[in-house]
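Working notes, beginning with the structure itself.
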Amino acid sequence: MEDDADQLDYLRLCLGADYLCSGYRDASAFIRSLAQSVPDVLLLDWNLPDISGIELLRQLRRQGHQILAMVITARNDETSLVSAFEAGANDFIGKPVRPGELKARVQALARRVVPPATSDHYRVGAYRVDLQARSLFINDEAVRLTNREFDLAVLLLQRIGELLHRDVLLRSVWGLDESIGTRTLDTHVSRLRKKLGLNGDFGFQLRSVYQLGYRLEKQS
């Protein structure tokens, strides 16, 4: 999303024919477009005509949108970087944008996108998920999970590498039940970490991000 037409054309040129790109000049136009389609990766300029790109990103995260977002801006200071990630950015690149770097970063984000499930079964490393039976296996050995633990596990495995804010996790797993607090979430995360060996035993580590949420990371 970029309000400068020349910059928008430049970003399209940088990405070449490898990606289907749609351009929006302001936040309102982009929000309206979500009713028809949701992009896999969002390139977001900091300064937009109606609201800031950072405020738009905060709104998207509060609404539970899973879009992978890269903030593009001339601001390269640490404070701006921290603000972008706290708002829910997955990556950050400064202007002037270098074509090779942009393409590499977009490719890295695109690899995180979980393709739409073509069946009720899929694998993520040692983990196998059966959505219809609501079952999860490690190396084909069944793990006993509660319904909430299963929902939480599926959400984390579908969004590897992404910082999932507490409110997004609570809303996605527990819905609009306002009686559910962060202690309940932390308890479920702790149990899930032990049951699934999310301390690196099977190639993934579930990390707590202080005061923000959780991120499931693939170990190199």
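Picking from residues in the stretch 30-52 that are of a type in the set (D, E, K, R) and open to solvent by 80 Å² or more (accessible area, probe 1.4 Å), the one that is nearest to the chain's Cα centre (by Cα) is D40.
Taking the criterion of being at pLDDT below 85 and part of a helix (DSSP H, G or I), the residues of the stretch 30-59 that qualify are I31, R32, S33.
Selection of the stretch 11-28 for residues being of a type in the set (G, A, S) and surrounded by 15 or more Cβ atoms within 10 Å (Cβ to Cβ) yields G23, A27.
Looking at F92, F85, just one residue is within 14 Å of the chain's Cα centre (by Cα), surrounded by fewer than 18 Cβ atoms within 10 Å (Cβ to Cβ) and modelled with pLDDT of 85 or more, and that residue is F85.
Cβ-Cβ distances below 6 Å connect the following pairs, each with a first residue in the stretch 59-77 that is under 15 Å from A27 (Cα atoms) and of a type in the set (A, V, I, L, M, F, W, C), a second residue that is assigned to a loop (DSSP other than H, G, I, E, B) and open to solvent by less than 50 Å² (accessible area, probe 1.4 Å), and a separation of six or more residues or different chains: A69/A89; A69/N90; V71/A89. Each residue in the stretch 183-211 was checked for being surrounded by 15 or more Cβ atoms within 10 Å (Cβ to Cβ) and either in a loop (DSSP other than H, G, I, E, B) or of a type outside the set (A, V, I, L, M, F, W, C) (or both), and 11 of them qualify. Pairs are defined by a Cβ separation below 9 Å, a sequence spacing of at least 6 or placement on different chains, a first member in the stretch 186-204 that is under 12 Å from L145 (Cβ atoms), and a second member that is open to solvent by 70 Å² or more (accessible area, probe 1.4 Å) and part of a helix (DSSP H, G or I); the pairs so defined are H188/R148. Just wondering, is there one or more residues in the stretch 175-182 that are free of Cβ contacts under 8 Å to residues at least 60 places away in the same chain, under 26 Å from A69 (Cα atoms) and open to solvent by less than 60 Å² (accessible area, probe 1.4 Å)? Scanning the stretch 175-182, I find at least one residue that is free of Cβ contacts under 8 Å to residues at least 60 places away in the same chain, under 26 Å from A69 (Cα atoms) and open to solvent by less than 60 Å² (accessible area, probe 1.4 Å), so the answer is yes. On the basis of being charged (D, E, K, R) and open to solvent by less than 20 Å² (accessible area, probe 1.4 Å), does E141 make the cut? No; evaluated as a whole, the condition is false for this residue. Would you check which residues across the stretch 60-90 are more than 22 Å from V173 (Cβ to Cβ), of a type in the set (A, V, I, L, M, F, W, C) and in a helix (DSSP H, G or I) and list them? Matches in the stretch 60-90: L81, V82, A84, F85.
The values are calculated or read from the model by the stated rules, or taken from the named source; none is laboratory data. In this text, all values refer to a predicted model and were calculated from it rather than measured experimentally. Heads up, the Cβs are rebuilt from the backbone with ideal geometry, glycines too, and the neighbour counts pull from every protein chain shown. Note: areas computed on protein heavy atoms with side chains; ligands, DNA, RNA excluded. Shrake-Rupley method; radii C 1.70, N 1.55, O 1.52, S 1.80 Å.
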